[in-house]
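None of the figures in this text is laboratory data; all of them are computed from the coordinates on show. Source: prediction; values computed, not measured. Cβ coordinates were reconstructed from backbone atoms using ideal geometry, including for glycine residues, and neighbour counts include every protein chain displayed.
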Amino acid sequence: MQKQVILVAGMHRSGTSLVNRLLNLHGVHIPIDIEYKNEFNERGYWESFEVQALNNKVLRLGDSSWFDLRKFSPVRQSREKIEEIEQEIGEFAKRLLAQEFQVFSIKDPRICRIIPWWRSAFESCGAKVSAIIPYRHPLEVAASIGNRDGFSAKYCLSLWLRNVLDAEFATRQLDRVFCSYEGILSDWPSIFCEITEKLQLSSLHPFSEVKNQIDDFASGSLKHWSFSDSELEHFAGSDGLANIAFKYLQKFEQEDNTSIQDQFDVIREVFEKTLSIHDELNYQESRITSSGNGIERAFDARDQGIERLIIDVAATKQILIEKESVIYSLGESIESRNKEFSDLTEQFESLDVSYRQQKQELADLRVHFKTISNDCQAIVNSLSWRITRPLRAIYDYVHMVPAAIGRLFSKLM
């Protein structure tokens, strides 16, 4: 049966972690190195650091990053360097698909920019590739990223456009599902039904079987920013493209057809033309901002790592104390067993001596029996025994007749 890989290709802060975890609860296998979480994603990211590292390698081929507005292109790199990264992604795909699971999903927002690389790797391994594209109100994404990374709202809206335009275009030949962040939070069962139908997933756990787990994971407030469509339409820092693209994404969710794709092509063409030197300068400024925030987050992560190490050391010390107690108990048990073994050894040696004595006595009895047997045979073969044979017969007869007469009388009586 052909294995299937779902690419969860959504813009940063748009519910990709939520979707990937919900798929996992339904039985989809996700590669995950560690259940990492922080103040920006309290329920965890549910993604593989290895996938993220591979995506960063690919983006660096084009002197790019996750917050680059420019169209990704690695053309300035040598073919050997490109093939090296392709081989790394291919090896990851082979290792993933070698597992016993039937349906997999990988998630990292950077995938939006480089879907063809992952599609090629998985299809080369014989897997079917499909896509889920979670999307969220552009201003909510801008507010979340601005809070986390310090980028301006205008820049974040352009970044949102770059990712959703790239993801939509690269998945046109795949079975795919568009789902809004609002819909995921408010009506996941309906979205899951659409996913299973459009992506032809028949082996997953139905919602009724995992409802409690999903309710536990998605309970509470997962949404910290909220904006209306009207606010997006009148947002001063927008050229209107994000608003138009957001409306067409909502149409994609209702019906995926070439007419809407054509409209997205127009938006993409206008977007590419509006990218200017000013946007390039904004990108370089964003790199500096991101680096500064990254250093600050690195120190925070270091402090958190030290705290975790202290906790781990304390836990390890407690484990060692418990292990030492177990080892001491085992030592006492071993001493007791050694005493039992020593007693058994003494018993065995005593039994061995007795066995050897009885074996010698048996050998002596066999010799004695052989001697008596030879003596008896000599008597039977002697002349006197043959001469007295008639006398022995008469003797036996004389003793047999009275006994026979006695039995006869007893029967008559």
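Which one, G150, T171, L185, is farthest towards the positive end of the dipole of the stretch 138-199 when Lys and Arg carry +1 and Asp and Glu -1 on their Cβ?
It is G150, whose Cα lies furthest towards the positive end.
Taking the Cα centre of the stretch 4-275 as the origin, how large is its charge dipole in debye, to the nearest 20, when only Lys and Arg (+1) and Asp and Glu (-1) carry charge on their Cβ atoms?
Roughly 520 debye for the stretch 4-275.
So if I take the alpha carbon set of the stretch 4-275, get Rg, then get Rh from the Kirkwood formula, what is the Rg over Rh ratio?
Reported Rg/Rh, Kirkwood definition of Rh: 0.94.
Going down the table (K94/K251; K57/K223; K317/K339; K251/K273; K3/K247), which pairs top 26 Å between alpha carbons?
Correct reply: K94/K251; K57/K223; K317/K339; K3/K247.
Would you work out which of S382, T345, I372 lies farthest towards the positive end of the dipole of the stretch 337-393, given +1 charges on the beta-carbon of Lys and Arg and -1 on that of Asp and Glu, about the Cα centre?
So the residue we want is S382.
According to the square roots a ≥ b ≥ c of the eigenvalues of the Cα gyration tensor, what is the shape class of the stretch 1-111, taking rounded for a/c under 1.5, prolate for a/b larger than b/c otherwise, and oblate for the remainder?
It is oblate, given that a/c is not under 1.5 and a/b is not larger than b/c.
What's the exposure ranking of Y45, Y135, going from fewest to most Cβ atoms within 10 Å?
Fewest to most other Cβ atoms nearby, the residues stand as Y45, Y135.
Sort S144, S384 by Cβ crowding within 10 Å, fewest neighbours at the top.
Lowest count first: S384, S144.
How would C125, C179, C376, C112 line up from fewest to most surrounding beta-carbon atoms within 10 angstrom?
The most exposed by this proxy come first: C376, C125, C179, C112.
Tabulate in residue order the Karplus-calculated ³J(HN,Hα) for the stretch 65-72, using 6.51 cos²θ - 1.76 cosθ + 1.60 with θ = phi - 60°, rounded to whole Hz; enter x for Gly and Pro.
7, 5, 9, 7, 7, 6, 5, 6
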